[in-house]
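Worksheet: one structure, shown below.
The values are calculated or read from the model by the stated rules, or taken from the named source; none is laboratory data. Just so we're clear, the structure is a prediction, and the values are computed from it rather than from any experiment. Reconstructed Cβ throughout: ideal geometry from the backbone, glycine too, with neighbour counts over all protein chains shown. Side chains are part of the model used for accessible areas, which takes the heavy atoms of the whole protein and leaves out ligands, DNA and RNA. Shrake-Rupley method; radii C 1.70, N 1.55, O 1.52, S 1.80 Å.
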Amino acid sequence: GPAVGQTLAFDFIEPPFTATVVGIADDFHHQQLGTVPSPEAYFSFAQTPQPRHSLVLSSADSAERVGRVVREVVDTIDRGLAFTPITPMADYVQQNLAAPRVQLELTSAFALVALVVAAAGLYSLLAFLAAGSRREWAIRLALGATPRRLQQSLFRLSLTYGVIAAGLAIALVAAVGRGL
């Protein structure tokens, strides 16, 4: 049935308390963007006074100006209340995205290094095969093969080894990916 107006009992803090549902909101990413959103409950201070609260404000003014105004208002209520500095939402989001961004950059750098090493290895293999085939090419040229035909043969050989190497790499990545 409809949840609005229902009274719920909460026993996750001491002392347990009851609260009346006054509205429903969607789940949201409260801690990190990479986690699955979890159900969230908002409580009126009148229903559940807590020692700690968060306040989210939208303003065109600077964070410093908003902080001064909020501090003044809080001081009119109780001068002794603890108050942490205001953090602009953009800074808060950047702080939460810092670790995933570093992980992405490191992973990209390692992938680029792996790609360069793989390309160098493939080039070395093809250079070795080409150097070992010089005598064969000389014989083929002496028997009437054209230089273009030899280039096509070398290209086919290179393409074959490249496809085999790419297939092995994809299979290895897929196997490792399943293991994680």
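How many Å² of accessible area per residue for the chain, probe 1.4 Å?
That works out to 84 Å² per residue.
Using R0 = 35 Å, the C-beta based FRET efficiency linking V113 and Y92 works out to 0.60. Placing a pseudo-label 7 Å from each Cα along the Cα-to-Cβ vector at Y42 and V73 gives an inter-label distance of 1.5 nm.
Sites counted here are trypsin sites (Lys or Arg not before Pro) in a DSSP loop (not H, G, I, E or B) having no more than 12 other Cβ atoms within 10 Å; the longest part of the chain that contains none of them is 80-180. The portion of the accessible surface of the chain made up by carbon and sulfur, rounded to a whole percent, is 64 (1.4 Å probe; DNA, RNA and ligands excluded).
Sorting the segments 90-100, 4-14 by their mean number of nearby beta carbons within 10 angstrom, highest to lowest, gives 90-100, 4-14.
Converting phi to 3J(HN,Hα) with the Karplus coefficients 6.51, -1.76 and 1.60 and the offset θ = phi - 60°, the stretch 158-168 yields 4, 5, 4, 5, x, 5, 4, 5, 5, x, 5 Hz in sequence order, with x at every glycine or proline. The value of relative contact order for the chain, using C-alpha pairs under 8 Å at least six residues apart, is 9 percent.
In deg cm²/dmol and to the nearest 500, what is the mean residue ellipticity at 222 nm of the chain if only DSSP H runs of at least 4 residues count, each as -39500 (n - 2.57), divided by the residue total?
That comes out to -20000 deg cm²/dmol.
With θ taken as phi - 60° and the Karplus curve 6.51 cos²θ - 1.76 cosθ + 1.60 applied, the whole-hertz 3J(HN,Hα) list for the stretch 136-149 is 4, 5, 4, 5, 4, 5, 5, 8, x, 6, 8, x, 4, 5 Hz, x standing for glycine and proline.
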